[in-house]
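The values are calculated or read from the model by the stated rules, or taken from the named source; none is laboratory data. It should be emphasised that the depicted structure is a prediction, and the values quoted were computed from it without experimental measurement. Backbone-built Cβ (ideal geometry, glycine too); neighbour counts: all protein chains shown. Areas reflect the complete protein model, heavy atoms only, side chains present, ligands, DNA and RNA absent. Shrake-Rupley method; radii C 1.70, N 1.55, O 1.52, S 1.80 Å.
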Amino acid sequence: MTYRLRSDELSWRQIDDEIVVLDAGRAEYLAINGAGARLWPALVEGASLEQLADLLVDTYEIDSQRATADASQFVATLSDQGLIAA
């Protein structure tokens, strides 16, 4: 399965090591840093859970099981906030 961020009413910018997001539809700002900021651009393009986990393994040199769990949790959080395209 490929995950992709919503494209409607969602604007974002990378500022240093942080992603700043405006969800105009919900009138909310979000700040994403750390591993989430690393995964965000991949979600803009569309990425599988495996691809997201590989990014974390390559960036943070963690084992793939932990990377998969972390990527899965991040995607779930974004989905709960309505940021992942249906």
In whole percent, how big is the carbon plus sulfur part of the accessible area of region 13-86, probe 1.4 Å, protein atoms only? 46
If a helix is a whole DSSP H run, which ones in the chain reach 20 Å or further along their own axis (Cα) and hold a mean Kyte-Doolittle hydropathy of at least -1.0? 64-80
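Could you tell me the ratio Rg/Rh of region 2-50? Both radii from Cα atoms, Rh via Kirkwood.
Numbers: Rg = 10.8 Å, Rh = 11.2 Å.
My calculation puts Rg/Rh at 0.97.
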Tell me, how many Å apart are the Cα centres for region 1-22 and for region 34-86? 13
Most to least accessible of SER79, SER48 (protein chains only, probe 1.4 Å): SER79, SER48
Taking r as the C-beta separation of ARG26 and GLU50 and R0 as 30 Å, the FRET efficiency to the nearest 0.05 is 0.55
Relative contact order, percent, the chain [alpha-carbon distance under 8 Å, six or more residues apart]: 30
Between ARG4 and ASN33, what FRET efficiency comes out of the Förster formula 1/(1 + (r/R0)^6) with R0 = 22 Å and r the beta carbon distance, rounded to 0.05? 0.55
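Please list GLU18, GLU45 from largest to smallest accessible area, probe radius 1.4 Å, with all protein chains kept in place.
Final ranking, largest accessible area leading: GLU45, GLU18.
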Could you state the per residue volume, in Å³, of the convex hull enclosing the Cα atoms of the chain? 81
